[in-house]
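Enquirer: Before anything else, here's the structure in question.
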Ligand SMILES: Cc1cc2nc3c(=O)[nH]c(=O)nc-3n(C[C@H](O)[C@H](O)[C@H](O)COP(=O)(O)O)c2cc1C
């Protein structure tokens, strides 16, 4: 497992959306934006699935994912594996959070699942001499 630093967590929460990359078992890549994201702890983040299609199919077949986020020239790449929860406390809390988000936005939103990413590696993506360096 790899731990996010306070700064990595701060930026994760600040950005509006992150890029979630998955792939099929035979290696066809897929990247989508996701904005419904939360930090669970230093080595775990949660994404709510409302609209994921190819991404969901990929994660079911191949739980290895990558998630990248940035602001300006600062950014981080998380890699790890996911589990998908469609029942239980964490899912119920996510469903409630997403329903409230939808109510605020003025259109109904429904979470189909809580995608839990256990972070195994963290890299920097800032351009420059340390580009791509593993940070944790
Ligand atoms: C800014 C932005 C944020 C988004 N956030 C989410 C999200 O948090 N959860 C979700 O399920 N879909 C979200 N979406 C929608 C998915 O990215 C979109 O449905 C995508 O087409 C899914 O593609 P896929 O079939 O490759 O999985 C978001 C889209 C945008 C543009």
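Enquirer: Here is a check on your reading of the model: is residue 115 within 13 Å of the ligand (Cβ to nearest atom), under 24 Å from residue 3 (Cα atoms) and either touching a residue at least 60 places away in the same chain (Cβ under 8 Å) or part of a loop (DSSP other than H, G, I, E, B) (or both)? Lay out the reasoning, then the answer.
Expert: Numbers: within 13 Å of the ligand (Cβ to nearest atom): yes; under 24 Å from residue 3 (Cα atoms): yes; either touching a residue at least 60 places away in the same chain (Cβ under 8 Å) or part of a loop (DSSP other than H, G, I, E, B) (or both): yes.
Here the answer is yes, as residue 115 does meet what is asked.
Enquirer: Can you pull out the residues in the stretch 57-71 that are more than 13 Å from the ligand (Cβ to nearest atom) and touching a helix residue (DSSP H, G or I) at 6+ places or on another chain (Cβ under 9 Å)?
Expert: Within the stretch 57-71, 70, 71 meet the criteria.
Enquirer: For residue 21, which of the numbered conditions (1) over 12 Å from the mean Cα position of the chain (by Cα); (2) within 15 Å of the ligand (Cβ to nearest atom); (3) surrounded by 16 or more Cβ atoms within 10 Å (Cβ to Cβ) fails to hold?
Expert: (1)
Enquirer: Could you tell me which of the residues 1, 59 is modelled with pLDDT under 95 and touching a strand residue (DSSP E or B) at 6+ places or on another chain (Cβ under 8 Å)? Break it down into steps so the answer makes sense when it comes.
Expert: Working: 59 fails: modelled with pLDDT under 95.
Result: 1 is the single residue among 1, 59 that is modelled with pLDDT under 95 and touching a strand residue (DSSP E or B) at 6+ places or on another chain (Cβ under 8 Å).
Enquirer: Would you point out which residue out of 120, 92 is over 16 Å from the mean Cα position of the chain (by Cα) and not in a loop (DSSP other than H, G, I, E, B)? Outline the logic, then answer.
Expert: On the way: 120 fails: over 16 Å from the mean Cα position of the chain (by Cα).
Only one candidate passes the filter, namely 92.
Enquirer: Select from the stretch 24-49 the residues that are surrounded by 13 or more Cβ atoms within 10 Å (Cβ to Cβ) and over 13 Å from the mean Cα position of the chain (by Cα) and list them in ascending order.
Expert: If the condition is that a residue be surrounded by 13 or more Cβ atoms within 10 Å (Cβ to Cβ) and over 13 Å from the mean Cα position of the chain (by Cα), then 24, 30, 42 are the ones that fit.
Enquirer: OK, next. Any residue in the stretch 1-25 that is touching a residue at least 40 places away in the same chain (Cβ under 8 Å) and at positive phi sitting within a Cβ distance under 8 Å of a residue that is outside any strand (DSSP E or B) and within 14 Å of the ligand (Cβ to nearest atom)? List the pairs, counting only those 6 or more apart or interchain.
Expert: none
Enquirer: Checking residue 74 against (1) touching a helix residue (DSSP H, G or I) at 6+ places or on another chain (Cβ under 8 Å); (2) crowded, with 19+ Cβ neighbours inside 10 Å; (3) within 27 Å of residue 131 (Cα to Cα); (4) in contact (Cβ under 8 Å) with a residue 40 or more places away in the chain, only one condition comes out false. Which one?
Expert: (2)
Enquirer: Okay, next question. For residues in the stretch 32-56 being part of a strand (DSSP E or B) and near the ligand (Cβ under 8 Å from one of its atoms), which is farthest from residue 8 (Cα to Cα)?
Expert: If we filter the stretch 32-56 for residues that are part of a strand (DSSP E or B), which is where we start, we get 32-34, 37-41, 44-49.
Imposing the further condition that a residue be near the ligand (Cβ under 8 Å from one of its atoms) reduces the set to 32-34, 37, 47-49.
Working: 32: 20, 33: 18, 34: 17, 37: 14, 47: 16, 48: 20, 49: 23 Å.
Here the answer is 49.
The values are calculated or read from the model by the stated rules, or taken from the named source; none is laboratory data. Worth saying up front: this structure is predicted, and the values here are computed from it rather than measured. Every residue, glycine among them, receives a Cβ derived from its backbone with ideal geometry; neighbour counts consider all protein chains shown.
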